[in-house]
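Here the structure comes first, spelled out in structure tokens, and everything after it is commentary.
The values are calculated or read from the model by the stated rules, or taken from the named source; none is laboratory data. Note that this is a predicted model, so its numbers are computed, not measured. So basically every Cβ, Gly included, is an ideal-geometry build from the backbone, and we count neighbours across all protein chains shown. Surface areas here come from the heavy atoms of the whole protein model, side chains and all, with no ligands, DNA or RNA. Shrake-Rupley method; radii C 1.70, N 1.55, O 1.52, S 1.80 Å.
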Amino acid sequence: MIFKRYIYPIFLLLFTVPVFAQTVTISGVIQDNHTKEPVSFASVYFTKSGIGKMSDSAGKFSFTFGHVINDSLEISYVGYETFKLPVYLNEKDSAIIIELQRGKAINEVVIRTKVNKGLFLWRKIMSKKNLYNRYNLSNFSYEAYNKLEVDLKNFKPEKAKKNFLLKPFSFVFDNIDSTSEKEPFLPAYLLESLSDYAYQKNKKKYFENVKASKTIGFNNESISKMLGVMNQNVNIYGNYVNIMDKDFIGPFNDNADDYYNFSVADTQMINGKKMFHFVFKPKRAGQNTFEGDAWVISQTYQIQKASLFLSKDANVNFISRISIFQEFIPLNDTVFFLTRDKFYADFRVLGKQSLTLIGRKSTSYKNIVINSDSIKKIFETQSLEEVVKTSKGVNQVPDSAWNSLRHDSLSANEKSIYVTINKLMDMPKFQRLKKNLKFLATGYTDIGNAEIGPWFNWVSSNAWEGARFRFDLGTNKGFHKNIYLHGYLAYGTRDKKLKGLAEAFWVIKKRENRFRLHAAYSKDIDNGVSQVGEVSQDNIFSLAIRKPNITRKFLQLQDTRFEMFNELGKGFSAELFFVHRKYTPLLNLPFINSAGKGQNFTNFEVALRLRFAYLEQFIEGDYFRYSLGSKYPIAELMLSKGIPNIVTSQYDYTKISASVKDRIKLSPYGSISYKVLAGKVFGTLPFMFLENHPGNDIYYYNPGAYNLMNRFQYLSDQYAGINIEHNMGSGLFRFIPITRKLKWRQFWNVKSLWGSLSNANTSLNNGNPTKFETLNGTNYIELGTGIDNIFKILRVDFVWNLSGISTQTNNNARFGVFGSFQFQF
């Protein structure tokens with residue numbers, strides 16, 4: 001009876017409490033503001049009630065309350081600003097996304113102990129570095145899926161919709177995302193690629209085949225190659241991380257303890273494994289380093305995931321934030337391999353509130369194979385160190401196929417980008433806007449199957465011609481995809497002479513072992529003495545500030561030529577020239593008679609240029625390609641033979657010249673560039689067929705010239721020289737707060753030249769009105785230094801002439817200040 005008496009009220013209480021005491025749940029996900037990666041094991045704390053816990057490995061947390069909540073939620077994590085959020089919950093559950101901003105947490109505590117646990121852990125990681133670095137495996141291969149998204153932030157859609165240029169495209173602004181980030185952004189462009197990649201350690205070789213590439217708006221195979229993974233690999237175990245062609249000191253550099261402070265912020269159990277939270281920060285401001293963290297497995301000291309963030313005072317232009325995230329998965333008991341790789345960067349040209357481009361590159365890796373004989377077979381027939389191929393129709397893969405090729409499905413934002421771009425491409429107004437912007441940027445615009453430009457050649461001026469007007473006309477791909485025709489006419493108001501050029505290029509083979517023919521006829525003013533194969537330029541920007549008291553010299557050149565260029569493979573190429581030229585001195589040069597008329601000099605020359613540029617990279621245009629350089633030295637050899645009595649040619653001579661140039665990274669001490677050159681001319685010849693050492697008549701710095709030497713000043717028939725420039729990055733400027741903030745950069749250079757002129761050539765060329773000078777077997781030296789990266793684009797050079805040569809002119813300066821502009825990161 002007693003049992004029955006009490007059991008019913010207890011039973012009733014158990015089943016009625018949930019009805020009257022309704023629970024309220026608050027849950028959320030904590031992620032990085034920039035990379036959107038989850039922040040694992042962050043501290044989540046209610047400041048009034050004192051209730052708290054840690055987020056899980058996926059950055060998630062959840063609290064359940066049986067009463068009304070009126071509190072403040074505080075979230076903190078090492079390396080991030082503390083996040084605070086007022087919370088009021090009555091009857092509804094709440095789910096939130098919390099984005100942490102990089103920066104120093106308000107409540108961050110530095111614990112000092114006798115044993116530096118961070119340094120101890122770093123040394124343990126470094127002891128395993130060679131074992132865990134994937135590039136120390138015998139070989140590996142994988143399939144990589146690359147996705148690059150470009151977004152716009154600080155974009156004012158209300159103003160853009162009123163802009164008369166952008167108003168027709170107002171539908172684009174419907175895609176503005178105001179939910180997934182703290183600040184709204186506009187998804188603007190998306191690029192995708194899928195490739196097979198393989199690597200072999202001995203003999204070191206790389207291979208990539210880009211199987212599919214989606215680049216709406218342009219179909220360029222060289223761009224598709226660059227979208228692969230060959231040039232975008234970040235190796236967390238490497239000494240340096242290359243970003244925008246700059247080497248940043250990695251936290252696992254062999255000497256990283258000289259540049260970083262290390263700490264162990266936390267220890268957690270993840271999937272049954274003890275993990276250390278390893279944190280690194282720069283020791284000193286102004287160095288190209290990172291701050292960030294990594295989760296490291298105890299006992300084995302393998303990195304499971306790592307986050308790197310560009311340090312605040314790093315000397316890099318136009319980029320306000322860089323974030324790198326990498327995650328590794330176990331392939332077996334000893335090997336952890338990269339499975340996800342993200343790189344985010346904010347590009348901002350002006351201030352904090354200016355338009356910002358957000359670049360988000362993410363790469364995933366599948367079908368990972370290591371230490372396999374099948375990979376060895378891939379490289380058995382590969383002779384080059386690096387080979388990047390594109391599959392046939394790489395840019396024509398249909399959308400239906402992409403659905404199965406992608407490693408991950410596209411988000412709603414990403415799908416909207418493709419819809420928007422396709423719609424834009426179909427709009428005539430957008431095509432006209434695109435055409436006008438191209439004309440302003442490149443100088444060229446298409447009219448049907450022809451192109452006109454560049455506009456900056458239309459008007460210029462010089463002392464001989466007066467005002468010069470020029471008009472160019474060429475063909476485009478609509479005329480023929482492999483043949484390019486071009487010509488121009490020019491007229492001077494002072495000399496009242498018509499000049500011009502007519503030329504044709506035939507690109508017979510574009511891909512491997514490129515083959516090209518070129519034929520041209522020109523008759524124009526030569527503003528210098530061009531070497532064979534060079535084309536002189538005249539444009540409106542030539543009206544730059546000139547040195548005072550410099551006598552300009554003018555020469556007319558009539559040039560007829562035929563050229564053949566062929567790539568021979570493995571970096572070798574050859575170019576054969578057949579050239580007939582007629583020179584006429586016009587003003588302030590020898591060989592002008594008393595009546596002021598110049599004597600004609602005619603030659604016929606056969607020349608061969610041999611070039612070696614191993615693994616040189618190019619951007620392909622419609623007909624031409626533009627070199628991005630090589631990580632190896634580039635060597636050239638030029639052989640020329642003048643043959644008399646062919647079409648009135650007068651001279652029999654032989655020329656030989658050679659050069660080697662390279663750019664070597666000296667990380668972390670910047671880079672050094674050098675060029676070594678030498679040459680000899682056999683024969684007694686007028687000055688235009690000898691070596692006229694390049695001088696500079698204006699105050700715009702010319703890296704390929706001797707800037708305190710005047711043009712047509714020194715003449716040689718045998719010579720040798722070396723140019724060296726060391727760009728030191730921030731150098732000494734990083735020790736001065738104001739110059740560190742301004743991101744000034746330091747450099748020094750030296751140019752040294754030896755040359756001589758035979759007695760016969762000296763006697764022939766030193767007639768009135770101008771006498772040439774010669775180095776007479778002595779040394780001409782220019783030493784320079786200065787400030788680079790002023791306002792991010794300006795460079796100022798201070799140049800001293802250290803040579804002891806006795807000059808014949810009073811305007812050969814011993815010191816000069818020169819300026820120049822350049823765009824660099």
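Screening Asn457, Asn403 for residues that are open to solvent by 70 Å² or more (accessible area, probe 1.4 Å), at pLDDT below 90 and among the polar types (S, T, N, Q) leaves exactly one candidate, Asn403.
Inside the stretch 38-59, can you point out the residues that are part of a loop (DSSP other than H, G, I, E, B), open to solvent by 10 Å² or more (accessible area, probe 1.4 Å) and within 19 Å of Ser94 (Cβ to Cβ)? Within the stretch 38-59, Thr47, Lys48, Ser49, Ile51, Asp56, Ala58 meet the criteria. Of the candidates Leu433, Leu357, the single residue that is open to solvent by 70 Å² or more (accessible area, probe 1.4 Å) and of a type in the set (A, V, I, L, M) is Leu357. For the stretch 394-460, the helices (runs of 4 or more DSSP H) that sit wholly inside it and include 3 or more residues that are more than 30 Å from Ala144 (Cβ to Cβ) are 428-442.
Just to verify a result, which residue in the stretch 616-637, among those that are over 17 Å from the mean Cα position of the chain (by Cα) and within 18 Å of Lys665 (Cα to Cα), is surrounded by the most Cβ atoms within 10 Å (Cβ to Cβ)? Across the stretch 616-637, the extreme among qualifying residues is Ile634.
The conditions of being under 28 Å from the mean Cα position of the chain (by Cα), open to solvent by less than 20 Å² (accessible area, probe 1.4 Å) and not basic (Lys, Arg) are met by Ala705.
You will find that of Gln302, Gln287, the residue that is crowded, with 16+ Cβ neighbours inside 10 Å and modelled with pLDDT under 85 is Gln287 and no other. If Leu757 meets every condition in (1) open to solvent by 40 Å² or more (accessible area, probe 1.4 Å); (2) under 29 Å from Met688 (Cα atoms) apart from one, which number is that one? Status for Leu757: all satisfied but (1).
Inclusion of Lys415 among residues that are farther than 30 Å from Leu615 by Cβ and touching a Pro at 6+ places or on another chain (Cβ under 6 Å) is not warranted. Restricting attention to the stretch 370-393 and to residues that are part of a loop (DSSP other than H, G, I, E, B) and in contact with a Lys or Arg (Cβ under 7 Å, 6 or more places away or on another chain), the residue that is surrounded by the fewest Cβ atoms within 10 Å (Cβ to Cβ) turns out to be Ser383.
Answer yes or no: is there a residue in the stretch 130-144 that is of a type in the set (A, V, I, L, M, F, W, C), at pLDDT below 90 and touching a strand residue (DSSP E or B) at 6+ places or on another chain (Cβ under 7 Å). The answer is no, given that none of the residues of the stretch 130-144 is of a type in the set (A, V, I, L, M, F, W, C), at pLDDT below 90 and touching a strand residue (DSSP E or B) at 6+ places or on another chain (Cβ under 7 Å). Can you name the number of the only condition in (1) more than 21 Å from Ser362 (Cα to Cα); (2) open to solvent by 50 Å² or more (accessible area, probe 1.4 Å); (3) over 28 Å from the mean Cα position of the chain (by Cα) that Ser409 fails? Every listed condition holds for Ser409 apart from (1). Checked against the criterion of being at pLDDT below 90 and over 28 Å from Phe772 (Cα atoms), the candidates Ile646, Ile619 yield just one match: Ile619.
For the stretch 461-512, taking the residues that are among the basic types (Lys, Arg) and not in a strand (DSSP E or B), the one that is least open to solvent (accessible area, probe 1.4 Å) is identified as Lys510. Considering only residues in the stretch 60-72 that are free of Cβ contacts under 8 Å to residues at least 40 places away in the same chain and over 23 Å from Gly272 (Cβ atoms), the one that is most open to solvent (accessible area, probe 1.4 Å) turns out to be Asn70. Between Ser522, Ser530, the distinction of being open to solvent by less than 60 Å² (accessible area, probe 1.4 Å), modelled with pLDDT under 85 and not basic (Lys, Arg) belongs to Ser530 only. Applying the condition of being under 43 Å from the mean Cα position of the chain (by Cα) and of a type in the set (Ser, Thr, Tyr) to the stretch 642-661 and asking which residue is farthest from Tyr632 (Cα to Cα) yields Thr654. A residue that is farther than 30 Å from Ala294 by Cβ, modelled with pLDDT under 75 and part of a loop (DSSP other than H, G, I, E, B) can be found somewhere in the stretch 1-11.
A residue that is open to solvent by less than 30 Å² (accessible area, probe 1.4 Å) and modelled with pLDDT under 80 cannot be found anywhere in the stretch 330-349.
Taken over the stretch 20-59, the criterion of being among the aliphatic types (A, V, I, L, M), closer than 14 Å to Leu85 by Cβ and without any contact (Cβ under 8 Å) to a residue 40 or more places away in the chain is satisfied by Val44 alone.
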